[in-house]
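The block underneath contains the structure these notes are about, expressed in structure tokens.
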Amino acid sequence: MELRWDRLNWQDFEDLQKKGYDRVILPLGTIEAHGVIPLGTDNIIPENIAQRIAPDIKAIIAPTVSYGVTRSLLHYPGSLSVSSPTLKAYIFEILSSMVSKGMEKIVIINGHGGHMDELKQIAFEIHEKTRAKVIVIHWWILCQDLGPEIYDTEGGHAAVDETAAIIASAPETVKKDKYSLDMLYHFRQGVNVYPSPSTIIIYKENTGALDFDAKKADDYFKAVCQKVKDFILDIFERWDK
């Protein structure tokens, strides 16, 4: 069944609402350099999570918001950004419009760490002003325990976890031949560096090295989607009580 908002005819949309579809998933990311995976990584992953889980949570999938707040990697070729006020105003108006069309439960699946504070503020403001219920999921944080289970190492920005999600979602975009271990940059607390000296960023030393095994990547991404889906369904159930 087609659940992508922009692929539905208006009568189809009305039919879904009559069947109780009052839930929407909004994938959201940015355009940013990501090691040996695409500039659109932060959009591709939330989109694919949404497509895999939408039927099971009875949600319509909104078109992806592909531009976000990019900071430390904006220097790199192809990276794009919008300002924080622009993002907050734009997302607030999108969500307000969705609520006006009967969406009572909103799930934002975020793929980018650079605007987490903005999304937290927006979610609260929408709930406060419209009483719509909002979940914001930063998928890589919610699922940070899954990488070590499959890869025996922690992830990071464009590291083993994000790369695995892209291998499972858009394998043709992965540039394995461009990878070398010296691309991994260990980010340390207590410093700010602009621009980041690398586009693959790890947060613990000797972690995050890429693994291009397709079977592992598929297992990892299935586990990610399952965990995200289970979390959402649990919240929905608790709300409905």
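Restricting attention to the range 27-76, report how many residues are farther than 24 Å from Val191 by Cβ and out of contact with any strand residue (DSSP E or B) (no Cβ under 9 Å at 6 or more places or on another chain). Spell out how you get there, then give the answer.
Kept after step one, since they are farther than 24 Å from Val191 by Cβ, are these residues of the range 27-76: 27-29, 31, 36-41, 43-67.
Within this subset, residues satisfying the condition of being out of contact with any strand residue (DSSP E or B) (no Cβ under 9 Å at 6 or more places or on another chain) are 31, 37-39, 52, 55-56, 67.
Of the residues in the range 27-76, 8 are farther than 24 Å from Val191 by Cβ and out of contact with any strand residue (DSSP E or B) (no Cβ under 9 Å at 6 or more places or on another chain).
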Only residues that are charged (D, E, K, R) and either surrounded by 15 or more Cβ atoms within 10 Å (Cβ to Cβ) or touching a Cys at 6+ places or on another chain (Cβ under 8 Å) (or both): list them for the range 219-241, please. Asp219, Lys227, Lys229
Restricting attention to the range 129-170, and to residues there that are without any contact (Cβ under 8 Å) to a residue 24 or more places away in the chain and acidic (Asp, Glu), which single residue is farthest from Ile53 (Cα to Cα)? Asp152
Here is a list: Ser196, Ser169. Which entry is touching a Phe, Trp or Tyr at 6+ places or on another chain (Cβ under 8 Å) and either under 20 Å from Gly114 (Cβ atoms) or surrounded by fewer than 16 Cβ atoms within 10 Å (Cβ to Cβ) (or both)? Ser196
Residue by residue through the range 100-118, note down the ones that are touching a residue at least 12 places away in the same chain (Cβ under 8 Å), more than 20 Å from Ile45 (Cβ to Cβ) and either buried (at least 20 other Cβ atoms within 10 Å of the Cβ) or within 18 Å of the chain's Cα centre (by Cα) (or both). Met103, Lys105
Testing Ile126 on (1) of a type in the set (A, V, I, L, M, F, W, C); (2) within 19 Å of Gly68 (Cβ to Cβ); (3) in contact (Cβ under 8 Å) with a residue 60 or more places away in the chain; (4) part of a helix (DSSP H, G or I), one condition comes back false. Which one is that? (3)
Has the range 174-197 got at least one residue that is β-branched (Val, Ile, Thr), part of a helix (DSSP H, G or I) and closer than 23 Å to Gln51 by Cβ? no
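Throughout, read-outs are computed from the coordinates displayed, never taken from laboratory work. It should be emphasised that the depicted structure is a prediction, and the values quoted were computed from it without experimental measurement. Note that we place each Cβ from the backbone using ideal geometry, even for glycine, and neighbour counts take in every protein chain shown.
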